[in-house]
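**Q** Below is one structure. I have some questions about it.
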Amino acid sequence: MAELIFRTGTMDAGKSTLALQTNHNHAARGRVGRLFTSHDRAGAAVVSSRLGLTALAQEVEPDFDFWRYTVDALTQGARIDYFICDEAQFYTAEQVDQLAKIVDELQIDVFCFGILTDFRTRLFPGSARLVELADRTEVLQVEALCWCGKRATHNARTEDGVMVTEGEVIVVGDVDTDPEAAVHAADDVDVAYEVLCRQHHRRGMTAARARAVSLSPEPLPFP
């Protein structure tokens, strides 16, 4: 029986790497699949891993119809055994419903990869619907780490080096620690991401802020 599987983790947990590895493993056994992605850090229509692996994919726009795409392909004689769906947090709830229908009605395996929550700690609509519908939801065992060494559980966004909890939900960036690698937004704000433990996300304590605090001079005692 085909399954809808959702594999999730924070940024920097290796989701895209696992997506590409999953595709390789199935293809090596003679299965035929299709790759999908949305808002990948490397650009449109590509699945990219921080390890340097890449693969061409179908870009999933908000109006993309998975059911119609699949039925049209099968009608034209294509063989499809499985889907690899990366950055699934950006899919709409309706698109996740379509993927579930494909699993149930067409017996095509669907492997989805994505993060659960945005930088505000709110569930993405696509991820929320996947948790509701998936046959299995698996948390990746490769743990991303906060700057303090604890397991990172939250994705933080910084603008000009300052952590923010409001703004546009979708702003593509990476967890690169190099300020030069930050995304230069339209309003001249440098946007970057960092993974933090819950405690430091609540406090807004990024690695840069922690370094600044540790390097600040001790206050002089009163005479």
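**Q** Check 59, 87, 94 and return the single one that is free of Cβ contacts under 8 Å to residues at least 12 places away in the same chain, closer than 25 Å to residue 138 by Cα and assigned by the TED database to the domain that holds residue 10. It would help to see each step written out before you state the result.
**A** Details: 59 fails: free of Cβ contacts under 8 Å to residues at least 12 places away in the same chain; 87 fails: free of Cβ contacts under 8 Å to residues at least 12 places away in the same chain.
Only one candidate qualifies: 94.
**Q** A further question follows. Give the residue, chosen from 47, 32, that is touching a Lys or Arg at 6+ places or on another chain (Cβ under 6 Å), in contact (Cβ under 8 Å) with a residue 12 or more places away in the chain and among the hydrophobic types (A, V, I, L, M, F, W, C). Can you show your working first?
**A** Working: 47 fails: touching a Lys or Arg at 6+ places or on another chain (Cβ under 6 Å).
None of the other options fit; the residue is 32.
**Q** Can you pull out every residue in the stretch 53-62 that is open to solvent by 60 Å² or more (accessible area, probe 1.4 Å) and within 17 Å of residue 110 (Cβ to Cβ)? Break it down into steps so the answer makes sense when it comes.
**A** First, the residues of the stretch 53-62 that are open to solvent by 60 Å² or more (accessible area, probe 1.4 Å): 53-54, 56, 58, 61-62.
Selection gives 58 alone.
**Q** Continuing with this model, one more query. I need every pair where a residue in the stretch 63-77 that is under 15 Å from residue 105 (Cβ atoms) has its Cβ under 6 Å from the Cβ of a residue that is modelled with pLDDT of 95 or more and open to solvent by less than 60 Å² (accessible area, probe 1.4 Å), sequence separation at least 6 or different chains.
**A** 66/95; 66/98; 66/99; 67/98; 70/102
**Q** Just give me the residues in the stretch 66-95 being open to solvent by less than 30 Å² (accessible area, probe 1.4 Å) and touching a Ser or Thr at 6+ places or on another chain (Cβ under 9 Å), in sequence order.
**A** Selection gives 80, 82, 83, 84, 85, 86, 87, 88, 89, 91.
**Q** Can you tell me which of (1) touching a residue at least 24 places away in the same chain (Cβ under 8 Å); (2) open to solvent by 20 Å² or more (accessible area, probe 1.4 Å); (3) small (Gly, Ala, Ser) is the one residue 13 doesn't meet?
**A** Checking residue 13 against (1) touching a residue at least 24 places away in the same chain (Cβ under 8 Å); (2) open to solvent by 20 Å² or more (accessible area, probe 1.4 Å); (3) small (Gly, Ala, Ser), the one that fails is (2).
**Q** Where residues in the stretch 180-223 are surrounded by 10 or more Cβ atoms within 10 Å (Cβ to Cβ) and more than 30 Å from residue 126 (Cα to Cα), which of them is modelled with the lowest pLDDT?
**A** 212
**Q** Note down all Cβ pairs under 6 Å where the first residue falls in the stretch 108-132 and is in the same structural domain as residue 38 (by the TED database) and under 10 Å from residue 91 (Cα atoms), the second is assigned to a loop (DSSP other than H, G, I, E, B) and hydrophobic (A, V, I, L, M, F, W, C), and they're at least six residues apart or on different chains.
**A** Short answer, once both residue conditions are applied: 127/116.
**Q** Which residues, taken from the stretch 131-149, are under 17 Å from residue 16 (Cα atoms) and either hydrophobic (A, V, I, L, M, F, W, C) or exposed (fewer than 14 other Cβ atoms within 10 Å of the Cβ) (or both)? Walk me through how you get there before you give the answer.
**A** Going through the stretch 131-149, the residues under 17 Å from residue 16 (Cα atoms) turn out to be 137-144.
Within the stretch 131-149, 138, 139, 140, 141, 142, 144 qualify.
**Q** Does at least one position in the stretch 54-64 carry a residue that is of a type in the set (Phe, Trp, Tyr) and out of contact with any Gly (no Cβ under 7 Å at 6 or more places or on another chain)?
**A** Checking the stretch 54-64: at least one residue is of a type in the set (Phe, Trp, Tyr) and out of contact with any Gly (no Cβ under 7 Å at 6 or more places or on another chain).
**Q** Determine, yes or no, whether residue 81 is touching a His at 6+ places or on another chain (Cβ under 8 Å) and farther than 30 Å from residue 205 by Cβ.
**A** Numbers: touching a His at 6+ places or on another chain (Cβ under 8 Å): yes; farther than 30 Å from residue 205 by Cβ: yes.
So residue 81 passes the test.
**Q** Still on this structure, please answer the following. Which of the residues that make up the stretch 33-42 are of a type outside the set (Asp, Glu), under 14 Å from the mean Cα position of the chain (by Cα) and open to solvent by less than 60 Å² (accessible area, probe 1.4 Å)? Please lay out each step first, then the result.
**A** Within the stretch 33-42, the subset of a type outside the set (Asp, Glu) is 33-39, 41-42.
When the remaining residues are screened for being under 14 Å from the mean Cα position of the chain (by Cα), the result is 36-39, 41-42.
36, 37, 38, listed by residue number.
**Q** Continuing with this model, one more query. Taking the conditions exactly as written (among the charged types (D, E, K, R) and surrounded by fewer than 19 Cβ atoms within 10 Å (Cβ to Cβ)), does residue 50 satisfy them or not?
**A** Details: among the charged types (D, E, K, R): yes; surrounded by fewer than 19 Cβ atoms within 10 Å (Cβ to Cβ): yes.
Taking the combined requirement at face value, the residue satisfies it.
The values are calculated or read from the model by the stated rules, or taken from the named source; none is laboratory data. All figures in this text were calculated on a predicted structure; none of them were measured in a lab. Cβ coordinates were reconstructed from backbone atoms using ideal geometry, including for glycine residues, and neighbour counts include every protein chain displayed. Side chains are part of the model used for accessible areas, which takes the heavy atoms of the whole protein and leaves out ligands, DNA and RNA. Shrake-Rupley method; radii C 1.70, N 1.55, O 1.52, S 1.80 Å.
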